[in-house]
1. I'm trying to understand the selection: among the residues of segment 108-124, which are in contact with a strand residue (DSSP E or B) (Cβ under 9 Å, 6 or more places away or on another chain) and farther than 15 Å from residue 14 by Cα?
2. Yes or no: segment 87-105 includes at least one residue that is within 14 Å of the chain's Cα centre (by Cα), in a loop (DSSP other than H, G, I, E, B), within 19 Å of residue 16 (Cα to Cα) and modelled with pLDDT of 95 or more.
3. Does segment 139-161 hold any residues that are surrounded by 13 or more Cβ atoms within 10 Å (Cβ to Cβ), at pLDDT 95 or above and over 18 Å from the mean Cα position of the chain (by Cα), and which are they?
4. Limited to segment 33-65, what total is found for residues that are farther than 22 Å from residue 10 by Cα, over 18 Å from the mean Cα position of the chain (by Cα) and surrounded by 13 or more Cβ atoms within 10 Å (Cβ to Cβ)?
5. For segment 64-86, give me each residue that is part of a helix (DSSP H, G or I), in contact with a helix residue (DSSP H, G or I) (Cβ under 8 Å, 6 or more places away or on another chain) and within 26 Å of residue 41 (Cβ to Cβ).
6. Please give the number of the condition residue 129 fails out of (1) in a helix (DSSP H, G or I); (2) touching a helix residue (DSSP H, G or I) at 6+ places or on another chain (Cβ under 9 Å); (3) modelled with pLDDT of 95 or more; (4) loosely packed, with under 14 Cβ neighbours inside 10 Å.
7. Going by the conditions given, is residue 127 within 17 Å of the chain's Cα centre (by Cα) and within 19 Å of residue 155 (Cα to Cα)?
8. Taking only segment 132-169 into account, find how many residues are more than 20 Å from residue 99 (Cα to Cα) and in a helix (DSSP H, G or I).
């Protein structure tokens, strides 16, 4: 029908690969809700340097959500709440019950979720030691690190004069 479908294909293939490789007993997909989140109300410039979503990608979200449902995978999308926060809540709930949880995202912010029961798949599987090795801090310190040095991806300026070396000292 001429509609873009590359993102749908890529995401569904990724989900199938995850299922094949990890054979999860439980699985969920989290989508960002359209519109602003509570962080935009706290800091108006939050993610302010990001371009708008490409229309060719935007039209693929609803079909992707439908395919995820058709695959029998629960999904979450909470208005006013960033998908990362939903992932954080789910990982705390599952990890807190002792379930081994794998968070799949390229977003470095999610390294803060890593515990003895929660790993991050970010190109490679990361445990607590991997987070320390890659970022120079333990997972629970990621929030402090990003607040101090700033986070360009989210348009968080950080403390003037503080870079990665000072923030991890």
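1. Within segment 108-124, 108, 109, 110, 111, 113, 114, 115, 117, 118, 119, 120 qualify.
2. Yes: one or more hits.
3. Across segment 139-161, the qualifying residues are 148, 149.
4. 1
5. Initial filter on segment 64-86 (part of a helix (DSSP H, G or I)): 64-70, 83-86.
Now restrict to residues that are in contact with a helix residue (DSSP H, G or I) (Cβ under 8 Å, 6 or more places away or on another chain): 64, 67-68, 84.
Result: 84, single match.
6. The number of the failed condition is (2).
7. Numbers: within 17 Å of the chain's Cα centre (by Cα): yes; within 19 Å of residue 155 (Cα to Cα): no.
In short, no.
8. Kept after step one, since they are more than 20 Å from residue 99 (Cα to Cα), are these residues of segment 132-169: 132-138, 141-169.
Still in the running and in a helix (DSSP H, G or I): 132-135, 141-149, 152-154, 164-168.
The qualifying residues number 21.
The values are calculated or read from the model by the stated rules, or taken from the named source; none is laboratory data. Here the structure is a predicted model, which is why all the values come from computation and not from measurement. As a convention, Cβ positions derive from the backbone with ideal geometry for all residues, glycine included, and neighbour counts pool all protein chains shown.
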